[in-house]
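*Asks:* Dumping the structure here so I can ask a few things about it.
The values are calculated or read from the model by the stated rules, or taken from the named source; none is laboratory data. No experiment lies behind these values; they were computed from the predicted model shown. Neighbour counts run over all protein chains shown; Cβ positions are idealised from the backbone, glycine included. Areas reflect the complete protein model, heavy atoms only, side chains present, ligands, DNA and RNA absent. Shrake-Rupley method; radii C 1.70, N 1.55, O 1.52, S 1.80 Å.
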Amino acid sequence: MTGRPLPVPAATVVLLRDGPEGVEVFMQRRHGRSGFMAGATVFPGGKVDGADGGLDALGLSPQDCGRALAMDDPAQAAAFFVAAIRELHEEARVLLFADAAGCLVQGATAAALTEAMDGLRQGHRVDAAAHHRLLLDAGLRPDLSQLAPFARWVTPRIEPRRFDTVFFAALVPSDQRAGLDGYEITHALWCRPETALAEHAAGGAIVLPPPTLHTLERLRQLPGPAEATLRALAQTGVGRRIEPHFIADSDDGPLIALPDDPLHPDYAADTGSGGRGAAQRNRFVLRDGRFTRRSTPGAL
């Protein structure tokens with residue numbers, strides 16, 4: 001373990017809405033010169049900042065957050081929730097803050113506060129403490145009840161930059177519009193999970209890293225409308241941390257294996273502690289710069 005980078009706490013938000021043909025998700029293409037997942041199409045999110053801890057919030061107590069994320073430290077768990085809401089505003093311009101009565105900020109007010117947030121930018125980033133001050137001075141606090149945590153992914157140990165990321169889902173408020181931050185993101189779109197998966201598989205402009213691909217495959221199987229999808233994700237809960245294992249040379253070529261795949265080093269321990277037991281493939285194989293899922297039916 002010596003020399004291995006420790007994963008940095010992070011949060012990402014799968015934003016949902018009802019479209020003409022079913023549930024749609026909001027996705028963003030990262031800048032080609034980004035330091036992490038350059039050019040990939042992902043969900044809004046970013047690192048947990050020190051300023052996210054101890055913030056006065058609505059909807060859930062720190063203890064509620066700790067139970068939801070299965071964390072022993074309630075304050076740390078709450079910081080993941082707060083970071084998710086802050087990053088959603090910074091990257092996607094959607095504001096899940098509410099007033100003292102618990103009412104979410106309205107569209108016109110949200111737009112004005114987003115414009116004010118843009119004035120705080122230093123380069124491509126907004127200082128987290130300054131962001132929180134802006135909203136608190138407006139009498140608003142993050143409404144943690146708007147988020148449903150449903151997964152937790154850790155970057156493989158081989159990567160030089162590692163993140164411990166909680167995945168949340170949320171509904172976009174009907175009077176707000178998600179958009180580009182104009183800095184880290186070069187393109188944004190609402191699309192059906194099926195559409196994103198098909199374009200990735202066909203070699204199109206959408207390139208999906210494994211956690212995003214996995215999440216879209218889950219969403220494709222869930223019921224609509226968007227509220228039903230959110231409830232289904234909330235009911236599954238965050239589950240255990242998923243830390244894929246990278247294998248540079250296998251019969252399939254380079255791949256990453258999930259913990260319930262026999263190629264993962266934790267597979268034996270998993271099956272020996274009440275896991276699924278039956279050997280099954282659950283991996284992502286790298287072909288021509290894109291990951292393709294290889295799995296036994298029912299492995300998802």
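*Asks:* Take Leu286 and tell me if it is within 24 Å of the chain's Cα centre (by Cα), modelled with pLDDT of 90 or more and open to solvent by less than 30 Å² (accessible area, probe 1.4 Å).
*Replies:* no
*Asks:* Pull up segment 231-253, narrow it to residues that are out of contact with any Lys or Arg (no Cβ under 9 Å at 6 or more places or on another chain) and farther than 30 Å from Asp64 by Cβ, then point me to the one that is modelled with the lowest pLDDT.
*Replies:* This residue is Asp251.
*Asks:* Take Ala70 and tell me if it is at pLDDT 95 or above and open to solvent by less than 60 Å² (accessible area, probe 1.4 Å).
*Replies:* Here the answer is no, as Ala70 does not meet what is asked.
*Asks:* Checking the conditions here, which among Ala40, Ala100, Ala51, Ala108 is at pLDDT below 95 and in contact with a helix residue (DSSP H, G or I) (Cβ under 9 Å, 6 or more places away or on another chain)?
*Replies:* The unique qualifying residue is Ala40.
*Asks:* In addition: Just checking, how many residues over segment 45-97 are polar (S, T, N, Q) and either under 19 Å from the mean Cα position of the chain (by Cα) or closer than 24 Å to Ala111 by Cα (or both)?
*Replies:* Qualifying residue count, segment 45-97: 1.
*Asks:* Select from segment 123-156 the residues that are farther than 25 Å from Arg67 by Cα, in a strand (DSSP E or B) and in contact with a Phe, Trp or Tyr (Cβ under 9 Å, 6 or more places away or on another chain) and list them in ascending order.
*Replies:* Residue satisfying the conditions is Arg125 alone.
*Asks:* Considering each of Thr292, Thr296 in turn, give the residue that is of a type in the set (Ser, Thr, Tyr), open to solvent by 30 Å² or more (accessible area, probe 1.4 Å) and at pLDDT 90 or above.
*Replies:* Just a single option satisfies the conditions, and that option is Thr292.
*Asks:* Also: What is the number of the single condition among (1) in contact with a Pro (Cβ under 7 Å, 6 or more places away or on another chain); (2) closer than 30 Å to Val207 by Cβ that Gly66 does not meet?
*Replies:* It fails just one condition, (2).
*Asks:* I'm trying to understand the selection: among the residues of segment 114-133, which are surrounded by 17 or more Cβ atoms within 10 Å (Cβ to Cβ) and among the hydrophobic types (A, V, I, L, M, F, W, C)?
*Replies:* Met117, Val126, Ala128
*Asks:* So Arg33 passes all but one of these: (1) part of a strand (DSSP E or B); (2) modelled with pLDDT under 95; (3) among the charged types (D, E, K, R). Which condition number does it fail?
*Replies:* Among (1) part of a strand (DSSP E or B); (2) modelled with pLDDT under 95; (3) among the charged types (D, E, K, R), the lone unmet condition for Arg33 is (1).
*Asks:* Look at Phe80 and say whether it is at pLDDT 95 or above, closer than 23 Å to Pro62 by Cβ and in contact with a Cys (Cβ under 9 Å, 6 or more places away or on another chain).
*Replies:* So Phe80 passes the test.
*Asks:* Quickly run through segment 42-59 and pick out the residues that are part of a loop (DSSP other than H, G, I, E, B) and open to solvent by 50 Å² or more (accessible area, probe 1.4 Å).
*Replies:* Asp49, Gly54, Asp56, Gly59
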